[in-house]
1. Out of the residues in region 40-98 that are of a type in the set (D, E, K, R) and surrounded by 15 or more Cβ atoms within 10 Å (Cβ to Cβ), which is farthest from the chain's Cα centre (by Cα)?
2. Whether any residue in region 63-81 is farther than 23 Å from residue 129 by Cβ and among the aromatic types (Phe, Trp, Tyr) is what I want to check.
3. Run down 164, 156, 210, 193 and say which single residue is surrounded by 15 or more Cβ atoms within 10 Å (Cβ to Cβ), over 18 Å from the mean Cα position of the chain (by Cα), part of a helix (DSSP H, G or I) and of a type outside the set (Phe, Trp, Tyr).
4. Scan region 180-214 residue by residue and report those that are touching a Lys or Arg at 6+ places or on another chain (Cβ under 8 Å) and aliphatic (A, V, I, L, M).
5. Which ones in region 137-153 are more than 18 Å from residue 26 (Cβ to Cβ) and assigned to a helix (DSSP H, G or I)?
6. May I ask you to list the residues in region 66-87 that are more than 13 Å from residue 47 (Cβ to Cβ) and either touching a residue at least 24 places away in the same chain (Cβ under 8 Å) or not aliphatic (A, V, I, L, M) (or both)?
7. Hey, among 279, 204, 247, which residue is of a type in the set (A, V, I, L, M), modelled with pLDDT of 90 or more, surrounded by 24 or more Cβ atoms within 10 Å (Cβ to Cβ) and part of a helix (DSSP H, G or I)?
8. Please pick out the residue among 224, 259 that is at pLDDT below 95, surrounded by fewer than 20 Cβ atoms within 10 Å (Cβ to Cβ) and among the hydroxyl-bearing types (Ser, Thr, Tyr).
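The values are calculated or read from the model by the stated rules, or taken from the named source; none is laboratory data. A quick note: this is a predicted structure, and the numbers were derived from the prediction, not measured. Virtual Cβ from ideal backbone geometry, glycine too; neighbours counted across all protein chains shown.
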Amino acid sequence: MIAHFLAQILNGLGYGLMISILAVGLSLVFGMLKVLNFAHGALYAIGAYLAFTICGWFSGFIGNFWIAVIIVPIIVGVIGLLLELVLLRPMYARPHHFQLLITFGLALVIQEVILLVYGHWPLTLAHPHAFTGLVNMGLFDYPQYRLFIIIFGAAVIFAAWYFVERTKFGSIIRAATEDAETASGLGVNVRLVYTSTFALGAALAGLGGVIGGPLVHLKPLMGTDVIIDCFVVVVVGGMGTIPGALLGGIIIGFAKSITALFWPTASVVVMFAVMAIILLVKPKGLLGKIWW
């Protein structure tokens with residue numbers, strides 16, 4: 001029993017870090033553009049299906065997964081850039097419900113495109129060759145790929161935090177977030193910052209699809225499944241904060257995995273219970289402020 005419990009703790013940490021990557025992208029977009037991007041899960045699905053395609057093209061090459069890790073976020077980031085320019089930019093001057101409807105409709109369109117291209121049958125994205133075995137953890141053996149997700153996920157989130165907090169462009173993002181009008185008056189191209197931020201958020205969603213794809217069956221509606229968890233994580237951690245997205249992801253990951261061990265049918269409901277309790281205590285989330 002102890003071995004199962006410890007394994008579930010690691011599973012929760014891995015899932016929490018994976019969903020945190022998506023939540024970071026969602027938080028970046030909300031913090032900068034004040035847009036709740038309902039298409040974020042669909043971009044995650046695009047990332048997973050593109051990884052499936054790229055791994056198929058390079059099926060005889062041992063580094064096919066790493067090719068997908070590099071190429072897919074770039075492709076999804078470019079898709080996000082185009083979506084922001086064509087669809088979202090004309091909506092900024094309109095009420096927020098226009099932006100919500102645009103991103104919700106976009107998610108439905110992406111789902112239908114995936115259905116037309118790949119069909120409705122579930123597909124499987126194979127684990128990378130380097131992480132197909134088990135690691136002896138003392139009391140139990142644990143899949144290498146899940147350990148990789150824990151390490152890789154932590155590295156990606158730290159890189160995103162470092163980029164926003166420690167780099168010049170990150171300073172520009174934070175300045176434009178606090179006061180876009182003043183930043184524009186100081187020579188900052190705010191529209192370019194908006195577009196770049198949305199593209200970065202999309203790229204993180206695509207990267208989440210690549211590393212999360214081998215753990216699930218690929219299906220056109222997979223983005224709908226994950227976007228709910230993603231929004232819960234963002235609300236729990238606090239809108240617009242990268243540390244909040246990380247903390248919220250770990251809390252929800254632990255809550256779901258531990259509940260699944262003792263009461264599997266309640267593993268989905270428990271995250272909403274956790275969210276409700278946290279919002280009663282801290283209505284803005286655990287780290288609820290724009291940036292930090």
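1. 89
2. Checking region 63-81: not a single residue is farther than 23 Å from residue 129 by Cβ and among the aromatic types (Phe, Trp, Tyr).
3. Answer to the check: 193.
4. Listed by number, the list is empty, since nothing qualifies.
5. Once the filter is applied, which keeps residues that are more than 18 Å from residue 26 (Cβ to Cβ) and assigned to a helix (DSSP H, G or I), region 137-153 yields 144, 145, 146, 147, 148, 149, 150, 151, 152.
6. Residues satisfying the conditions are 66, 81, 83, 84, 85.
7. From the options 279, 204, 247, the qualifying one is 204.
8. The unique qualifying residue is 224.
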